[in-house]
Every structure is written in structure tokens, then in C-alpha cells.
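Notes follow the structure.
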Amino acid sequence: MFRRREPVPFAFIAEADQFRSNVAPPPRQRASAGELVGRWLIGLTVVAGLVGSLLVGLPAVSADVSPAHTQQSDASSRR
């Protein structure tokens, strides 16, 4: 095989893990009280919707294996 005699043009990539920037990112701004209340209300609305849909949907999912009262028409009982 041929050996490359010229230097690799992207040799700095090999040293990228050792590079440390001296520029720090700006500090995060704290959320205001209105933003915090809004986040809580959105979260509470989502949770309430999930709980409500679960409560509404449970009767449709439950299966009555042995019904307490079977329905029969009056015509069938007179025979």
C-alpha cells in the first residue's frame, strides 16, 4: 500500500477531545413567577385529563362476568 507523505489536513480532529474553550455560556435566566404558575397549571390540566379519561373509561372496560339480574321479557315468562 502507499503511504501518505503529506500531513493529514484534519489532524486537529484527533485532538478535539483535549480542547477546552475559555468561553463560558451565559447563565440561565430564572423563570418568573408567572411562568412557574403557568407550567404548574399546564401539568395539572394534563394530569386531570388523564385521570378523568381513566375514570370515564373504566366502566366500559370492566366486564360483568355474572350479572346480578338477568333481563327477561314478560312474554317469555308467561309461556
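The figures follow:
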item	result
Condition met for VAL23 (of a type in the set (Val, Ile, Thr) and either modelled with pLDDT of 65 or more or surrounded by 10 or more Cβ atoms within 10 Å (Cβ to Cβ) (or both))	yes
VAL56 vs. criteria loosely packed, with under 10 Cβ neighbours inside 10 Å, assigned to a loop (DSSP other than H, G, I, E, B) and modelled with pLDDT under 95	no
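The values are calculated or read from the model by the stated rules, or taken from the named source; none is laboratory data. Since the structure is predicted, the reported quantities are computational estimates derived from the model, not experimental observations. All Cβ positions, glycine included, derive from the backbone under ideal geometry; neighbour counts span all protein chains shown.
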